[in-house]
Structures are given as C-alpha cells and as structure tokens.
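The values are calculated or read from the model by the stated rules, or taken from the named source; none is laboratory data. Computed from a predicted model, the values in this text were never measured in an experiment. As a convention, Cβ positions derive from the backbone with ideal geometry for all residues, glycine included, and neighbour counts pool all protein chains shown. Protein only, heavy atoms only, side chains kept; ligands, DNA and RNA dropped before computing areas. Shrake-Rupley method; radii C 1.70, N 1.55, O 1.52, S 1.80 Å.
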Amino acid sequence: MAHIYALDPTQMSRRQLAQFRAQCSMCRALLSTARRTLSIIGLVGASVMSLPALALSHEEWVMAFVRFVDWPVTPVDKTLVICQPPNAPVLELHGKQVRGLTLQIVRIGRPRDAERCHVFSALSQREDEWLPWLAALKVHPVLAVGLGPRFCELGGTICIVRQEAVAAETYQLNLDSLSRSGFKVRSQLLRPAPAGSTTIN
C-alpha cells in the first residue's frame, strides 16, 4: 500500500522551511537534469547519432545514416535500395519511408551486383565475409556500413564501433570514401563525439 505525505509550508519553522526549500531546489535541479538527459537520448536515438548511445538495432543505425547522407544522384522512383549478402539476417526496413524515399531490401549474391545498391549493409558479417565486397563497392556510390574501425580502414564508408568500457556505440566516417563517391554528409552526422573521433581522414 502506498503512503502519501502532504507537507504544509505554513506550519513549518524557519529552519524547516529553509530545508524544505533546499530540497525543492535540489528536486528541480534533478528534474531538469533528467529532462536534458532524456532529450539527449532522444536526439541520439532518433537523429543526431554523433554522441555515444546505448546499443541501437541495425535498422536504427541504417535509418539514421540514410537520413543524413545525400546521394550524388537522386534514387530512381524515390526508391532507396539497401543490399545485403545472402546469409545476413534480413533488415526489417522494407517499405519504410525516410525523407520521402521508400526503402527496399534486396539480397545480392555477387559483388558485381552491387551497382544496383544505394546502401550495402555488412553489419552482421565477419571480416572474411565482407572483405571481398569492398573492392566492388568502391567503384559505385554505395554507402557501405559495417562493424568495427577496420571496416572503414579497408574502404568501408561508415563503421559502427562499440565502446565496451561504457557499453555504448558510436560511429566513424571514412571521409575519403564519402568524398570519392560523391556523397554529401549533413552537419548532424559530422558533429564531434566527446568519447572519441567520429571521422577517419
């Protein structure tokens, strides 16, 4: 059973009133901090993505990157093709809308088929599985998204990096790859992360 206590400030001594006011001030400060924290978490989860965040789903990461990257050529029929290798768990994004674009999930079995892709997701792949794809992806404006900094070092476009010490994730951008492919990155994706660099030059 819950117990509710009602306080009447008019029945307090000056000392009790001062303590009550101090407690109220502390509560307001904690509430303000909590609201700011929730606001930051909401921005990280929904849009900004440049600050460390609790682990997001692969779908949430892909949606965020699509939201803040412009392709050199507008996708035909406003359809953005997200490609995955045959053995990767399917991204639950088919038919989703982002910035007026309809996402289409397509499985491709050969690197040479990558020319039809706007995004290539290697988020569930090991290095020996995604490495053969990178050479084919480099010659097309394909946003290649993978796990770990080595993915970017070897030519991937965006890599998600898990920071075990704080149980959080951030990302790195391969600026050379983005520039070479003609992508335009919006400022929200370029904001520096306090926990470390978000770019690879």
For this session: Please go through the range 75-172 and write out the trypsin sites (Lys or Arg not before Pro) that DSSP classes as loop and that have at most 13 other C-beta atoms within 10 Å.
Result: Arg99, Arg126
For this session: Please give the net charge around Ile82, taking every other residue with its beta carbon less than 12 angstrom from that of Ile82, where Lys and Arg add +1 and Asp and Glu add -1.
Result: +1
Exercise. In the full protein assembly as shown, how much of Leu101 is accessible to a 1.4 Å probe, in Å² to the nearest 10?
Worked result: 20 Å²
For this session: In nm, give the distance between the simple-model label positions of Arg99 and Arg180, each being 7 Å from the Cα along the Cα-to-Cβ direction.
Result: 2.2 nm
Exercise. Where a Cα-Cα gap under 19 Å defines reach, which lysines qualify for Lys78, not counting those fewer than 8 residues away within the same chain?
Worked result: Lys96, Lys184
Seminar exercise, completed: Sorted list, accessible surface of protein heavy atoms, 1.4 Å probe, largest first, for Thr102, Thr74 is Thr74, Thr102
Seminar exercise, completed: Accessible-area order for Thr170, Thr79, largest to smallest, probe 1.4 angstrom, reads Thr79, Thr170
Exercise. Once label points are set 7 Å from the Cα along Cα→Cβ at both His140 and Asn87, what is their separation, rounded to one decimal in nm?
Worked result: 2.1 nm
